[in-house]
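Heads up, the thing below is written out as structure tokens.
The values are calculated or read from the model by the stated rules, or taken from the named source; none is laboratory data. This is a predicted model, so every value here is computed, not measured. All Cβ positions, glycine included, derive from the backbone under ideal geometry; neighbour counts span all protein chains shown. Please note that ligands, DNA and RNA were not included when accessible areas were found on the heavy atoms of the full protein model with its side chains. Shrake-Rupley method; radii C 1.70, N 1.55, O 1.52, S 1.80 Å.
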Amino acid sequence: MRYLITGGSGSFGTACARALLADAETERVISFARGEHRQATLAAALHDSRLELFIGDVRDGARARRAFEARPDVVIHAAALKRVEACERDPIEAVKTNVLGAINVIDAALDCEVPKVLALSSDKACQPLLTYGATKLVAEKLFVQANSYAGLRPTRFACVRYGNVIASQGSVLDLFAGG
């Protein structure tokens, strides 16, 4: 199997890549992320020839499409602005990444006929009061509706809600624990 992870060098992306590469059936894992330093850190930590780094941002539809042309079997969409205070301070940026980025992922997946796309959402998308949760709720609805847009294409979309994880970047759990 060939996988592409958006936000591939983030906390989730790193853990996901490590788990996928532990499986001998995995042919390739493509980490699609904008941070060159974090991408290099990921490559050094995992040191696996099946890991491919692809610098880019989901906000750039043409670049996302280029990454998807690698023909992954599965895309795991984890790229997002996730810090609640940052999304409140800069809601336009949250919309650009979390909503428009989701649209770019959907379009690229449909254009390249990626078989399966899994989008990570947030527990904060349940009855959202703040910008972060609202943008993730919109992204969820876009991914679910994308199954209708697919028509006869083989691409299928799904979402999963993901909560706070201890020791992930910016985790509120670490803040509460005094970390």
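General observations
- Relative contact order (percent, whole number), region 39-150, Cα cutoff 8 Å, 6+ residue spacing: 28
- With a 1.4 Å probe rolled over the protein heavy atoms of all chains, the accessible area of TYR3, TYR162, TYR149 falls in the order TYR149, TYR162, TYR3, largest first.
- Contour minus Cα-Cα distance for ARG66 and THR41 (0.36 nm per residue): 6.7 nm
- Which of ALA102, ALA146, SER31, positive extreme of dipole for region 3-149 (C-beta unit charges): ALA102
- FRET efficiency, VAL144 to ASP73 (Cβ-Cβ, R0 30 Å, nearest 0.05): 0.90
- Within the full protein context, the accessible area of ARG50 is estimated at about 60 Å² for a probe radius of 1.4 Å.
- List THR131, THR6, ordered by accessible area with a 1.4 Å probe, largest first: THR131, THR6
- Candidates ILE92, ILE30, ILE76, ranked by Gaussian network fluctuation over the chain, Cα under 10 Å, top entry: ILE92
- Once each of the GluC sites (Glu not before Pro) sitting in a DSSP loop with at most 14 other beta-carbon atoms within 10 Å is removed, the chain keeps 114-179 as its longest stretch.
- Solvent-accessible surface ranking, highest first, for VAL75, VAL95 at 1.4 angstrom: VAL95, VAL75
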